[in-house]
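Undergrad: After the structure tokens below, expect a handful of questions from me.
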There are 4 protein chains.
Amino acid sequence: MKLKSGVLTLLGMLLAAPALLHGQTANVVHYTTTIDNVKYLFATAEPVARLKSGDILDTNTLDCFGNALKKPGDPLSMVKGDNPLAGPFFVEGAEPGDTLAVKILDLEVDGDTGIGAFAPGFGAINETNYTPMLHPPLPERVWFYPIDHATNTAVFKALDSDFAVKIPLHPFFGCIGVAPANGEARSSVVPAEFGGNMDSPEARVGNTVYFPVNVKGGLFYIGDGHAAMGDGEVAGTAIEVPLKARVQLSVIKGRTIAWPRFENDHAIMTVGAYRPLDDALRIAFTELVHWIHQDYGLSELDAYELLSQVARIHLNEMVDPNYVVVASIEKKYLPAKKK
Amino acid sequence: MKLKSGVLTLLGMLLAAPALLHGQTANVVHYTTTIDNVKYLFATAEPVARLKSGDILDTNTLDCFGNALKKPGDPLSMVKGDNPLAGPFFVEGAEPGDTLAVKILDLEVDGDTGIGAFAPGFGAINETNYTPMLHPPLPERVWFYPIDHATNTAVFKALDSDFAVKIPLHPFFGCIGVAPANGEARSSVVPAEFGGNMDSPEARVGNTVYFPVNVKGGLFYIGDGHAAMGDGEVAGTAIEVPLKARVQLSVIKGRTIAWPRFENDHAIMTVGAYRPLDDALRIAFTELVHWIHQDYGLSELDAYELLSQVARIHLNEMVDPNYVVVASIEKKYLPAKKK
Amino acid sequence: MKLKSGVLTLLGMLLAAPALLHGQTANVVHYTTTIDNVKYLFATAEPVARLKSGDILDTNTLDCFGNALKKPGDPLSMVKGDNPLAGPFFVEGAEPGDTLAVKILDLEVDGDTGIGAFAPGFGAINETNYTPMLHPPLPERVWFYPIDHATNTAVFKALDSDFAVKIPLHPFFGCIGVAPANGEARSSVVPAEFGGNMDSPEARVGNTVYFPVNVKGGLFYIGDGHAAMGDGEVAGTAIEVPLKARVQLSVIKGRTIAWPRFENDHAIMTVGAYRPLDDALRIAFTELVHWIHQDYGLSELDAYELLSQVARIHLNEMVDPNYVVVASIEKKYLPAKKK
Amino acid sequence: MKLKSGVLTLLGMLLAAPALLHGQTANVVHYTTTIDNVKYLFATAEPVARLKSGDILDTNTLDCFGNALKKPGDPLSMVKGDNPLAGPFFVEGAEPGDTLAVKILDLEVDGDTGIGAFAPGFGAINETNYTPMLHPPLPERVWFYPIDHATNTAVFKALDSDFAVKIPLHPFFGCIGVAPANGEARSSVVPAEFGGNMDSPEARVGNTVYFPVNVKGGLFYIGDGHAAMGDGEVAGTAIEVPLKARVQLSVIKGRTIAWPRFENDHAIMTVGAYRPLDDALRIAFTELVHWIHQDYGLSELDAYELLSQVARIHLNEMVDPNYVVVASIEKKYLPAKKK
């Protein structure tokens, strides 16, 4: 493992992320992720770096294949493990019962090619490990997406015909989360209460994601960068890419949440992760009603009715061991936040 | 039953819906819907009017409560039947195996008040008839939404506090469909292969919706107008309103589809209606892969992969006897349509 | 349509079904079912015979293929319609809000061959209409089961090897039910609140099945005889056979139920029919808790706990448009029934 | 931690478990489980004892409450952790890719009282953590079941009335499993591929349960004894008891399975553990088709059809984080096992 950390000067910070500072300096911790220091579990493990609440983490992530696929013809069997993670990062002062706020400041695709793959046994409309059938599996396929940084697009090229089309990029982390509660260790393909492989496009620049702190230091992990993804991630992958990233980690003391949440200036968003989708939705919406009731003061039934008229549902993925749904409401529809 | 029909002059048509004509005249059939001529079933029944393929239907619909609730304090027990429907409308030349195309030309909220209601036993995050639990039901509640036609908004007023907020209108039909196949008759609260209570905001001006023709004449029904609705319609209703509407009904001979579809200049969209949501999604996405494969020529696996990167999922509702999902892809991502 | 009815003498009755009489005479109505008088819908339709409450219906049913498959090699395309039904039978005095009790007195396999079939798009572990996937369908297959009346067994003969094995018979009606509520008409492949294609082995001699009466006369239907069936009916069919049957139809005035129920001397049983199975189970168990609470006087929480220790779940089928579960408790675990 | 192990004499073994020996001696390893040495995770952890393949483990387990509830009035808040486990037990020679066979030789209720509890947020027909709703939770309740060892029964006593009834005992392990694959650590309330909290009454004397070996030594755990349980364990608990147990642990080299399986002289049984129940069933049945095909030589479609006629489904529980189903077929319906 290699660990590099440092402190940016005030000038450097202002140049790099001026919106953050509100007149204050912020430490930046640098960490370089390689195939030799990645993890494949969201778990309690030895931290690779320690940050103070409010520090900025400047790091990189490998793609979900550990950067193992290089060129057309490379088979999925070359992949050593799915969703290698950077981390864990220890945030000082974070204790069980607190909330960890992760503000995503900057994301950049770290390479010139993205990869999409159909892996037999994984996907939304084919037989899988958890929806098995007697049909022979569909064949493995890998698509390479050239990335044009100038136009911020990737190119889909059909394998069975000549068609090609540009797709706009909107990079985000497929994996983002913390160590689970109760000593559990979960594979980096799983999304759950601790976040994890949520495949939420909401994990993008400009949004803050909140996680329950389950262990001392929170133990934050990221990985599985996506350059773009359709709702549902139906064939099983996004346009998979390495990323360079800057995120700010802050501890909110004494605030306890049960499931991950997102927030930006315009909206509050809750995550539900389970199967079937019906239950993922129930989780996201009960969380959203509770959030509105507690922080914005509407009664639960008024909140329920208001959501019936203005809620948004973003079905992130229906391919991982749990399915992920984000329910949201724009703040313009809410009363002023309670003090 | 009252039936009025007529033929607009070319001039009237040009004024009313000039974009439609493409240099041709179109008949307009007027029909006035009242509580005395509504239906509560999608079924094979005596037509209330007959149209030629390409004719325009100019009619109105009652709200889902049959316009029975007039003022705060009116209880749901005043409602005689849910989702009264206008129709059925017979389209000449439509035979089983054809497709009925319904282009929605104009929709207008027909009144100054919308209604939202929480009915015990109905909703996404409370016990219901089909997800029953031992908990006592939550209490019935009715919200009235004043509608401002000038600003095209409705006002949500909390029942348990002083909060009020404006909601932009985007009117659509909650119920739109045809007589089911195989002689079935289904309640107007059910969405299924024949359309029905899809609660799809896609049933709005500018979109065309396609239905399988299951019986001679197709037998088209509409109702359950919504002035606005959040994704999922989670508390069980939208802002329920009467509507005035103009739709153009056309028969596509020899084109057979299994589930409803939407289309506009920018996108193709498929409907899945079942429980759990997992299966509704599987229906919508297999339909979309097949549509792309058949009409746009991509192989099924290429279509699957492309959807994984650019598909959109709109979860319409998770409260009716079947749950409804719309999957879509923008046409700009597709090859040219096959001739 | 052919309709034959008559009244058995007391002597005939005593010989035919002596356990029934309890010292009283009972009328027997005979009705002969043929491919020319079957129905394919549970619906409000013209009755084929009328019975008084307490009368015995003596009739026969065709197999689910309408007796169309005669010999190995006959394809499923020879079948005109699935699950042809005998009926409807009008029971005098039955009004909406009442319960129809159907006591199954006698069932006999009406032939020497049973049939099992795998139909593409139908089954528990292959792609189906409502759980569609991109896999090509598995191939159609038909198995013929010679029936030995002397040993009350059928013989399974493998198609792809030499193996054969005897299976004990336990005949029952796959389809049994009444006209649905609210004017609905449902295909004879559907199980729901009105009974229908429940594929419940509980519909056997010695059991009484209760249905809600939704329309005047109840309008009772039967069909889809099964000589034997595994739990779940996983490949989509049982050992399908024509049956000869005698059932007694009685009206229980003023007793209202929401879903079908079974009862015999030893147990009470409730039916849940929906998707996913989770919801079918919730329906069956809430119904069972309510039944115990209302008729046997335990509090709902005591009933819930007692079921947690002694309930039985019989998963009837997971292949039809709704899945069917029967939950039951033996009467020996219950308090005396309330008067 | 306390560890006691020893070797029984041939005479002792013959007296204790003569059916086991087949003319051979078998070591018996004794281990005493207490609240101070239990675990709450199925995970890779330091073994508490090591056995050779074929050795017998003689141990005891605490009830699911850690034996914390002693008398009526004791609240669930006295419970320190759910499902304390004995173990892990290391079996020499077990390597990833092997199968661990656990033959259950003897089970005895270790005490005079069993406990059933309704815990808010847990159960099949009330709101839970993963099927949350807006209803207030139902109230906590605890039932004590006196156990009569002479008649092998427990007594249910209603809390809200005077009713009491005897329930026959059929003791089994609620928790039985091994360390998960891929470094995961799972809470002892979870059932999954590694076994775990399956709540399978099949984990009883006379049955052998097979687990995939995921880590060196297998790392076997047991706990959560049940004196009796209804199908579905619907209110969330069985009659919870401490147990004394003897099980024989054997390694089957080079045999790889994906999910737990049960077997006895009469039947083969497969486990599916997931949500919704639909998917748990699909897992169990595809596993069973594969088992029949591989070991008994029927083609997959013949096996599918045969199961459609004679399979049994035992729905073990629908309350844990995953739901558990056992699918089975009696061996009398199968061809001779392939050599």
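The values are calculated or read from the model by the stated rules, or taken from the named source; none is laboratory data. Every value quoted in this text rests on a predicted model; they were computed, and no experiment measured them. Glycine also receives a Cβ, built like all others from the backbone with ideal geometry; neighbour counts cover every protein chain displayed.
Undergrad: Take the residues in region A:132-155 that are under 24 Å from A:Ser77 (Cβ atoms) and at the interface with another protein chain (Cβ under 7 Å from one of its Cβ atoms), then tell me which one is farthest from the chain's Cα centre (by Cα).
TA: Ranking the qualifying residues of region A:132-155, first place goes to A:His135.
Undergrad: Quick one: D:Val29 ticks every box in (1) in a loop (DSSP other than H, G, I, E, B); (2) at pLDDT 95 or above bar one, so which box is it?
TA: For D:Val29, the exception is condition (1).
Undergrad: Still on this structure, I have one more. So C:Asn129 clears everything in (1) away from chain D (no Cβ under 14 Å); (2) surrounded by 23 or more Cβ atoms within 10 Å (Cβ to Cβ); (3) not small (Gly, Ala, Ser) except one condition, right? Which one?
TA: (2)
Undergrad: Sort out which residues of region A:206-226 are touching a Pro at 6+ places or on another chain (Cβ under 9 Å) and within 20 Å of A:Ile35 (Cα to Cα), and write them in order of number.
TA: A:Leu219, A:Phe220, A:Tyr221, A:Gly223, A:Asp224, A:Gly225, A:His226
Undergrad: Select, from D:Gly123, D:Gly87, D:Gly174, D:Gly116, the only residue that is within 14 Å of chain C (Cβ to nearest Cβ), closer than 30 Å to D:Glu287 by Cα and part of a strand (DSSP E or B).
TA: Details: D:Gly123 fails: part of a strand (DSSP E or B); D:Gly87 fails: within 14 Å of chain C (Cβ to nearest Cβ); D:Gly116 fails: closer than 30 Å to D:Glu287 by Cα.
Only one candidate qualifies: D:Gly174.
Undergrad: Then there is this: So in region B:312-339, with the set limited to residues that are surrounded by fewer than 24 Cβ atoms within 10 Å (Cβ to Cβ) and of a type in the set (D, E, K, R), which one is farthest from the other protein chains (Cβ to nearest Cβ)?
TA: B:Lys339
Undergrad: Go through region A:178-189 and report how many residues are buried (at least 24 other Cβ atoms within 10 Å of the Cβ) and polar (S, T, N, Q).
TA: Residues flagged as buried (at least 24 other Cβ atoms within 10 Å of the Cβ) and polar (S, T, N, Q) within region A:178-189 amount to 1.
Undergrad: Still on this structure, please answer the following. Being of a type outside the set (Asp, Glu) and surrounded by fewer than 24 Cβ atoms within 10 Å (Cβ to Cβ) is the filter here; which residues of region A:277-291 pass it? Write out each step before concluding.
TA: Of region A:277-291, the ones of a type outside the set (Asp, Glu) are A:277, A:280-286, A:288-291.
Answer for region A:277-291, where residues must be of a type outside the set (Asp, Glu) and surrounded by fewer than 24 Cβ atoms within 10 Å (Cβ to Cβ): A:His290, A:Trp291.
Undergrad: So, one more: Starting from region A:93-110, keep only residues that are at positive phi, then list their pairs with residues that are surrounded by fewer than 23 Cβ atoms within 10 Å (Cβ to Cβ) whose Cβ atoms are within a distance under 6 Å, requiring at least 6 positions of separation or different chains.
TA: These pairs meet every condition: A:Gly93/A:Ser53; A:Gly93/A:Val251; A:Gly97/A:Thr256.
Undergrad: Could you please let me know if B:Ala273 is more than 9 Å from every other protein chain (Cβ to nearest Cβ), crowded, with 24+ Cβ neighbours inside 10 Å and small (Gly, Ala, Ser)?
TA: Against the criterion (more than 9 Å from every other protein chain (Cβ to nearest Cβ), crowded, with 24+ Cβ neighbours inside 10 Å and small (Gly, Ala, Ser)), B:Ala273 qualifies.
Undergrad: A further question follows. Being crowded, with 24+ Cβ neighbours inside 10 Å, free of Cβ contacts under 8 Å to residues at least 12 places away in the same chain and within 18 Å of the chain's Cα centre (by Cα) narrows it down to one residue among D:Gly225, D:Gly230, D:Gly218; which is it?
TA: D:Gly230
Undergrad: Is it fair to say C:Val247 is over 11 Å from the mean Cα position of the chain (by Cα) and more than 24 Å from C:Val155 (Cβ to Cβ)? Reasoning before the result, please.
TA: On the way: over 11 Å from the mean Cα position of the chain (by Cα): yes; more than 24 Å from C:Val155 (Cβ to Cβ): yes.
Yes.
Undergrad: Residue by residue through region B:198-215, note down the ones that are farther than 21 Å from B:Glu108 by Cβ and either among the polar types (S, T, N, Q) or without any contact (Cβ under 8 Å) to a residue 12 or more places away in the chain (or both). Reasoning before the result, please.
TA: First, the residues of region B:198-215 that are farther than 21 Å from B:Glu108 by Cβ: B:210-215.
Answer for region B:198-215, where residues must be farther than 21 Å from B:Glu108 by Cβ and either among the polar types (S, T, N, Q) or without any contact (Cβ under 8 Å) to a residue 12 or more places away in the chain (or both): just B:Asn214.
Undergrad: Restricting to region D:101-112, name every residue that is within 23 Å of D:Lys157 (Cα to Cα) and buried (at least 20 other Cβ atoms within 10 Å of the Cβ).
TA: D:Val109
Undergrad: On to the next question. If only one of C:Asp265, C:Asp302, C:Asp231 is within 10 Å of chain D (Cβ to nearest Cβ), out of contact with any Asp or Glu (no Cβ under 8 Å at 6 or more places or on another chain) and not aromatic (Phe, Trp, Tyr), which one is it? Working first, answer last.
TA: Numbers: C:Asp265 fails: within 10 Å of chain D (Cβ to nearest Cβ); C:Asp302 fails: out of contact with any Asp or Glu (no Cβ under 8 Å at 6 or more places or on another chain).
Only one candidate passes the filter, namely C:Asp231.
Undergrad: Does B:Leu51 satisfy the criteria of being farther than 22 Å from B:Val215 by Cβ, of a type in the set (A, V, I, L, M, F, W, C) and either surrounded by fewer than 17 Cβ atoms within 10 Å (Cβ to Cβ) or at pLDDT 50 or above (or both)?
TA: no
Undergrad: Which residue pairs have Cβ atoms under 9 Å apart, sit 6 or more places apart or on different chains, and have a first residue in region A:137-164 that is surrounded by 15 or more Cβ atoms within 10 Å (Cβ to Cβ) and polar (S, T, N, Q) and a second that is modelled with pLDDT of 95 or more and not in a loop (DSSP other than H, G, I, E, B)?
TA: Partner pairs satisfying both residue conditions: A:Asn152/A:Val109; A:Asn152/A:Pro168; A:Thr153/A:Ile147; A:Thr153/A:Lys166; A:Thr153/A:Ile167; A:Thr153/A:Pro168.
Undergrad: Also: I need the full set of residues from region D:129-167 which are in a strand (DSSP E or B) and under 30 Å from B:Ala124 (Cβ atoms), in order please. Give the derivation first.
TA: First, the residues of region D:129-167 that are in a strand (DSSP E or B): D:141-148, D:153-157, D:164-167.
Scanning region D:129-167 gives a single hit, D:Arg141.
Undergrad: Among (1) within 9 Å of chain C (Cβ to nearest Cβ); (2) polar (S, T, N, Q); (3) more than 14 Å from C:Val165 (Cα to Cα); (4) crowded, with 24+ Cβ neighbours inside 10 Å, which single condition is D:Gln309 missing?
TA: (3)
Undergrad: Tally time: how many residues in region B:292-333 are under 26 Å from the mean Cα position of the chain (by Cα), under 28 Å from A:Val142 (Cβ atoms) and either of a type outside the set (Asp, Glu) or assigned to a strand (DSSP E or B) (or both)?
TA: Result for region B:292-333: 13.
Undergrad: Sticking with this one: In this structure, is A:Pro260 in contact (Cβ under 8 Å) with a residue 24 or more places away in the chain, away from chain B (no Cβ under 11 Å), surrounded by fewer than 24 Cβ atoms within 10 Å (Cβ to Cβ) and in contact with a Pro (Cβ under 9 Å, 6 or more places away or on another chain)?
TA: no
Undergrad: Further, regarding this structure: Has region C:190-208 got any residue that is facing another protein chain (nearest Cβ under 9 Å), surrounded by fewer than 24 Cβ atoms within 10 Å (Cβ to Cβ) and not charged (D, E, K, R)?
TA: Taking every residue of region C:190-208 in turn, at least one turns out to be facing another protein chain (nearest Cβ under 9 Å), surrounded by fewer than 24 Cβ atoms within 10 Å (Cβ to Cβ) and not charged (D, E, K, R).
Undergrad: Also: If you check D:Gly236 against the conditions, is it among the small types (Gly, Ala, Ser) and either in contact with a His (Cβ under 9 Å, 6 or more places away or on another chain) or at negative phi (or both)?
TA: So D:Gly236 fails the test.
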